[in-house]
Each structure stands twice: as C-alpha cells, then as structure tokens.
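Please read the structure below before turning to the comments.
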Amino acid sequence: MAYETILVEVKGKVGVVTLNRPQALNALNGQLIDEVNAAIDGFEKDGDIGCIVLTGSEKAFAAGADIKEMQGRTFPGTYLDDKFADWDRISQRHKPIIAAVAGFALGGGCELAMMCDFIIAADNAKFGQPEINLGVIPGAGGTQRLTKAIGKAKAMDLILTGRMMDVNEAERAGLVARIVPLADLMAETMKAADSIAAKSLPSVLMAKEAINRAFEVALSEGLRFERRVFSSLFATHDQKEGMAAFIEKRKPDFQNR
Ligand code: CAA
C-alpha cells in the first residue's frame, strides 16, 4: 500500500511508523489514522516483527486531531461517525507499541502516544490536552488515560487549563517511561524495541495483555488472570528453552512458540 501521511520501515524485527504531515505538525486526520492502522495491521500479521515503534518529527509527534478537518462537524454527526473508534484500534493491538515522542504531543497527539504501551520522550517533548481552548474536551481518551496515568489532580490541571507540561514534569508524573536527548531518541527507542523483539513473543504478548488488564478489572480478577496466563506459558517451547538456558548458563534460543 502506498502511504501519503506516514512512512513505514522494517528495521530488523521492529516495524517503524513515522507520522509525516510536516506542514501541519503531524495533525491527525482520518487518512493518517487509517494509514497508521493499515501499517500496524501489516506488522501484527508479520511473524518476523516483534515490536512496533510509532514516532513523529523532531518538532512534533503530533499537534492533535486535525482542527481544520473537525471544524465544520455537528453534534449528532460527530457522535454517529464515531471516528475515534478507529483511533482506539491502536490501543487494542497485541504486539507492543512504543511511542517515541519529540516536540509537541498535544490533544490527539498526547492521546495517540498514550494508546501506545509506553512513551520514550526526547528532552524537547511537550505534552498537553489543550482542547478546552477550542471549546471542546479531549475526545480520544485523554480524560480517561491521562487521569489513569498521572492522577486526578494533574489531569484536572492540564485538561481544565489547557497548559502544556514539559518532559521533566511528564516523567515525574508517570506519563513518560524515559527521557533521552533529542539526538538519541530513535537510537534509544530502537534499542528498547530490539530488546523486546528478541524475547519470546508469547511472553511479550501475554505480559502486555496482563498489564493492560490492570486498567480494566478489579485486583482479584487481575491476579487470577495473571496466574492463568503465567501457567499457560509453561506449555510453550520458549519456557523450556528459557529456563534450560539459564541453568546451562547460555543465551536462550527463543522460537516464538
Ligand atoms: N490541526 C490542524 N492544523 C494544525 C494543528 C492541528 N491540530 N496544529 C498545527 N496545525 C497547523 C497550523 O494550522 C499551521 O498551518 P498553516 O501554516 O497552514 O497555518 C501549521 O500546522 C504550523 O502550526 P503553527 O504555525 O501554529 O506552529 P507554532 O510552532 O506557532 O505552534 C502549536 C505550534 C503550539 C502546536 C500550535 O500549532 C497549536 O496550538 N496547535 C494546535 C494544538 C491543539 O489545539 N491540539 C488539539 C487539537 S483538538 C484534538 O486533538 C481533539 C482530540 O481530543 C482528539
């Protein structure tokens, strides 16, 4: 498929999607979201891919949903179209997705980064949910995922004032997993992605699913789920191999089965 708003590359066992609408600071329009979903569909089906990276430019991960595209919408039309359901597919994926964020991650850009599994941010990254300044509110998960990530007080502060937070505040608040110098963003992200892609895929998929359960269910059900999944991994080749390799003091040869 020929993409117009993203760049797609495979680097070893990592699929990389780069948002590429520089003239609009990677504002997220319907075409871009469709293309991101199509690229990730391909990576999900590709048995050689073990991790996915989603990134933007040095100036902007994404400055939000495309305001020019949304401007003329009506209440029932927006509700019935349910465009953000397409966005939400990104959070439903099985393989891990790392957001490598530099520059602005605002509105839908912050929400898109939060749909990924974790965020590695450059030292110039800025996060915010400025929708209140446009007479609306976050619509792609910001009121929910930001609140779960950084707590009610800070989420209220950011969403009600529409202010941006710099990367240090974002890391202190728990939104960002690591801060790296801008020049090292992709190299550091690829190191993390390569390391994940080298693990046994079944364990990676189950670990991601179990962590995500923590946001959906009560602790007792989450713990039951974890124990079931933990036990089921003893049916894999890679569990036998991983434990044998440890005891034999050698590197495991995982076969993703
Ligand atoms: N949608 C459409 N176009 C956008 C955009 C957006 N979200 N953000 C930036 N652009 C465009 C600008 O219109 C401008 O285009 P033109 O040159 O054609 O005028 C171009 O990108 C460059 O932007 P600026 O000139 O504004 O760049 P700047 O460096 O002066 O400012 C900025 C950067 C602070 C990020 C500013 O662009 C800005 O505030 N952008 C909007 C941020 C925002 O409100 N995001 C929330 C959108 S709503 C949303 O996301 C809803 C949701 O929950 C999903």
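The values are calculated or read from the model by the stated rules, or taken from the named source; none is laboratory data. None of the values given here were measured: they were computed from a predicted structure. Neighbour counts are summed over all protein chains in view; Cβ atoms, including those assigned to glycine, are modelled from backbone coordinates with ideal geometry. Each accessible area value is taken on the protein alone, full model and side chains, heavy atoms only, with ligands, DNA and RNA left out. Shrake-Rupley method; radii C 1.70, N 1.55, O 1.52, S 1.80 Å.
Of the residues that make up segment 235-245, is at least one β-branched (Val, Ile, Thr), surrounded by 12 or more Cβ atoms within 10 Å (Cβ to Cβ) and touching a residue at least 12 places away in the same chain (Cβ under 8 Å)?
Yes, segment 235-245 contains a residue that is β-branched (Val, Ile, Thr), surrounded by 12 or more Cβ atoms within 10 Å (Cβ to Cβ) and touching a residue at least 12 places away in the same chain (Cβ under 8 Å).
Gly174: open to solvent by less than 30 Å² (accessible area, probe 1.4 Å) and more than 16 Å from the ligand (Cβ to nearest atom), yes or no?
So Gly174 does not fit the description; no.
Can you name the residue in segment 124-158 that is within 14 Å of Leu175 (Cα to Cα) and charged (D, E, K, R) and is also nearest to the ligand (Cβ to nearest atom) among such residues?
Once the filter is applied, the top-ranked residue is Lys126.
Restricting attention to segment 60-92, which residues are under 17 Å from Asn37 (Cβ atoms) and free of Cβ contacts under 8 Å to residues at least 40 places away in the same chain?
Selection gives Asp81, Asp82, Ala85, Gln92.
Please find, among Lys68, Lys83, the residue that is within 16 Å of the ligand (Cβ to nearest atom) and at pLDDT below 95.
Lys83
Among the candidates Phe254, Phe215, which residue alone is surrounded by fewer than 15 Cβ atoms within 10 Å (Cβ to Cβ) and touching a residue at least 24 places away in the same chain (Cβ under 8 Å)?
Testing whether each residue is surrounded by fewer than 15 Cβ atoms within 10 Å (Cβ to Cβ) and touching a residue at least 24 places away in the same chain (Cβ under 8 Å) leaves just Phe215.
With open to solvent by less than 60 Å² (accessible area, probe 1.4 Å) and hydroxyl-bearing (Ser, Thr, Tyr) as the only criterion, which of Ser220, Ser231, Ser203 stands out?
Ser203
It is to be established whether one or more residues within segment 147-162 are under 29 Å from Lys45 (Cβ atoms) and modelled with pLDDT of 95 or more.
So far as segment 147-162 goes, no, none of its residues is under 29 Å from Lys45 (Cβ atoms) and modelled with pLDDT of 95 or more.
Determine whether segment 119-127 contains at least one residue that is within 28 Å of Gly50 (Cβ to Cβ), touching a helix residue (DSSP H, G or I) at 6+ places or on another chain (Cβ under 7 Å) and among the polar types (S, T, N, Q).
Checked segment 119-127: no residue is within 28 Å of Gly50 (Cβ to Cβ), touching a helix residue (DSSP H, G or I) at 6+ places or on another chain (Cβ under 7 Å) and among the polar types (S, T, N, Q).
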